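The values are calculated or read from the model by the stated rules, or taken from the named source; none is laboratory data. If you're wondering where the values come from, they're calculated on a predicted model, not measured in any experiment. Reconstructed Cβ throughout: ideal geometry from the backbone, glycine too, with neighbour counts over all protein chains shown. The area values use the complete protein model at the heavy-atom level, side chains included, leaving out ligands, DNA and RNA. Shrake-Rupley method; radii C 1.70, N 1.55, O 1.52, S 1.80 Å.
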Amino acid sequence: MTTSDNYPYLKVRCRVRHWGAEVWALVDTGFDGHLIIPRQIARQLGAPDSVAAWAMADGRRVVTSGYRGIVELVGVGAFPSTVVALGDEYIIGRAVIDRLRVTFDHGQRLIVEP
């Protein structure tokens, strides 16, 4: 179990090929994927493993690069994941958090259990 008082963010470790980082990622229940990383990092990763179209909340569709990697929720566990390069923020999505019990505790903290 882990608790984050940095609501609505969770501490994650991500590894894709030779690149890795430990960051705070926004928990987005409207994002169906695993993890979004800032687009600028994709330059360090080389050719993508996949390319996919994503529907944005405003109705736009964007095409972006995807990379096979590992996403670890610190204190909970690691998951093979598709890491998507888009925008400028780290965002964790439902493909990861749906595997866990996540409690949004009154807008103050997140509690995550296996």
When the scattering of the chain is computed by the Debye formula from its Cα atoms alone, each counted once and equally, what is log10 I(q)/I(0) at q = 0.19, 0.20 Å⁻¹? -0.96, -1.06
Table column - 3J(HN,Hα) (Hz), the range 99-114, Karplus curve with 6.51, -1.76, 1.60, x for Gly and Pro: 7, 10, 8, 10, 10, 8, 8, 6, x, 10, 7, 10, 10, 10, 10, x
How much accessible area per residue does the chain have, in Å², with a 1.4 Å probe? 55
Could I have the simple spin-label model distance between residue 57 and residue 103, label points 7 Å from Cα toward Cβ, reported in nm to one decimal? 2.6
How about the range 15-114: which trypsin sites (Lys or Arg not before Pro) there lie in a loop by DSSP and see at most 16 other Cβ atoms within 10 Å? 17, 60, 99
Placing each pseudo-label 7 Å from Cα in the direction of the beta carbon, residue 70 and residue 23 end up separated by a distance in nanometres of 1.9
³J(HN,Hα), Karplus 6.51/-1.76/1.60, whole Hz, each residue of the range 75-89, x for Gly, Pro: x, 10, x, 10, 9, x, 8, 9, 9, 10, 9, 7, x, 9, 9
Percentage relative contact order, the range 1-89, counting C-alpha pairs under 8 Å, at least six apart: 34
Total formal charge among the other residues, if their Cβ is under 13 angstrom from that of residue 112, Lys/Arg +1 and Asp/Glu -1: -1
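Just for the chain, what percent of DSSP beta bridges are antiparallel, to the closest 5? Show your work: numbers first, answer last.
Working: 36 of 41 bridges.
In the chain, approximately 90 percent of DSSP beta bridges are antiparallel ones.
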